[in-house]
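Values quoted throughout were computed directly from the atomic coordinates according to the rules given, and no laboratory measurement underlies them. Keep in mind that this is a model prediction, so the values were computed, not measured. Glycine gets a Cβ as well: all are built from the backbone with ideal geometry, and neighbour counts include every protein chain shown.
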Amino acid sequence: MRTYVRVGIALLSPFRIGGWLSHDDAANQTRTVRDPAEEDRPFVPSTGLVGSLRAHADDKAEELFGPPRGGELKASPWWALGVRLSDDLTIVQRGQTSINRGRRVAASRGYRTSDEVLPAETGRPDLYLYLSSNRPPATLLEVLATWRPTIGAGITSGLGDAEVVQVLYKTFETTSPADLLQLVQNGKAGPERIDALLAGADELELVKQPPALVLQATLRVEDLLVADRDDPAWRRASLFHGSAWKGILRSRVTYIARCLGLPCCPVPQGDDGTAEDWTGCGACPVCVVFGSAESGQGCWAFSCSEQVHDPETVRERHRTAIDRFTGGYRSGALFPEQTLPSHELTLTVHWARKPDLGEPDISWVPRALLRALGDLNDGIIGLGGRTGSGLGRVSVRELELGVEAEHGPDGEPICIIPGLPIGPADTPLINKLAVKEPADA
Ligand SMILES: [Zn+2]
């Protein structure tokens, strides 16, 4: 018996494989894995996808893919034959600035570019994973029906999000002359051979399982600073990046926690550059939720938000730098500023993993996140660059919460942060939430 399965996967966000944000090469560039045969084409090794599938298979993992690493050495019942990528996928370079958390400004030498592979948006799957076994497919199909694959690195910053859109499968009985004939008469090779074998195959009915929501908010943003409308990467797909959401909100949640005396990362010491690579203490609730180099992947994933990216809508005006000594205009200091006019952005935060037993209590963090949204709405913080001169103003229009209030023994919701009400918050409620500033304390 020989079974072939083809899994069609659509990308929901860009991905990057094998690049580490903290990796510094000479050009400060993080590259995704390339096709060994074609240097400008992306490549997805099947091992990573199978790892994601194995993690999803849970208690069926061993039955499908053999004992875990370190266990008895046995061949996996299911073989990954490879991954075929759509020709429409392209690699773009995105510029990024890392933040020195000690000084809360852009780190020196912090600018780097990183490769990202953009979804093709053709309406067809972006990649196909091919699997084969000498077993019937029932258990594998059960697992595939609810699988939500992740591809590469940066999952909690909105990269590598994908969904299964089509699963074709067919079993050939090698004892049946007709089936055997089909197997041997197919003169093609590689993926094409299996595509031909799967012509007229059965299609699995998929059960969509979107990840559990922490929060989704619709925001209206005024005058968001655009890096450069002539940048080809921006023209192809302007995304308000998950890493940017994560950076802004983590910083504000940490600030709120400090104001209220809740456990959070200490302020990193030292202006000698040692704080530049600092990614969190690794031991506090903020690190559990947002992740750190010490404690690994955070519990929450911040999706990239789609944004209008018609270069025609970008407004450009010129500003002049001020000479702080004379108080007058500085000669030769005229610079252009490109902004997007009023538009909507959707912020989506979902659970990437549940907190482990033994990790600190994170129950107050969702409410601090709500308060951070309230601060965005109040104009205390903004999005993007030059918020100090009034750019990137935000108003919260709609809010959906996936987290629920916990109830005490008397049935009343537990108020974890004094002054922060509990419960199905809507936009007006966010406006009313109050946090004490350090000066009041
Ligand atoms: Zn921490």
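In segment 296-375, Cα pairs under 8 Å separated by at least six residues give a relative contact order of 38 percent.
I need the GluC sites (Glu not before Pro) found in segment 181-210, filtered to DSSP loop residues with at most 10 other beta carbons within 10 Å of theirs. The qualifying sites are 205. Dividing the alpha-carbon radius of gyration of segment 296-356 by the rule-of-thumb value 2.2 N^0.38 Å gives 1.93. Would you mind counting up the charge near residue 302? Only other residues with Cβ under 15 Å from its Cβ, with Lys and Arg at +1 and Asp and Glu at -1. In short, +2. Taking amide H positions as modeled 1.01 Å from N, with prolines and chain starts lacking one, the residues under 5 Å from residue 135 and 5 or more places away or on another chain are 3. Size of segment 38-94 from its Cα atoms: along the principal axes, largest to smallest, the extents are 41, 20, 19 Å. Between residue 132 and residue 283, the simple spin-label model (points 7 angstrom out along Cα→Cβ) gives 5.3 nm. Seen from a random direction on average, the alpha-carbon convex hull of segment 133-266 projects onto 15.0 square nanometres. For segment 276-324, applying the loop criterion from DSSP together with a ceiling of 11 other beta carbons within 10 Å to the trypsin sites (Lys or Arg not before Pro) yields 324.
The trypsin sites (Lys or Arg not before Pro) of segment 115-220 that DSSP puts in a loop, and whose beta carbon has at most 11 other beta carbons within 10 Å, are 188, 208. Ellipsoid semi-axes for segment 2-203, based on the Cα gyration tensor and the rule √(5λ), read 37, 19, 14 Å when sorted largest first.
Which residues in segment 111-138 place their backbone N less than 14 Å from a point set 7 Å from the Cα of residue 1 along the Cα-to-Cβ direction? Zone members listed by number: 133-138. Which of the listed residues, 80, 177, 136, is farthest toward the dipole's positive end in segment 2-203, when Lys, Arg count +1 and Asp, Glu count -1 at the beta-carbon? Final value for the positive-end residue is 80.
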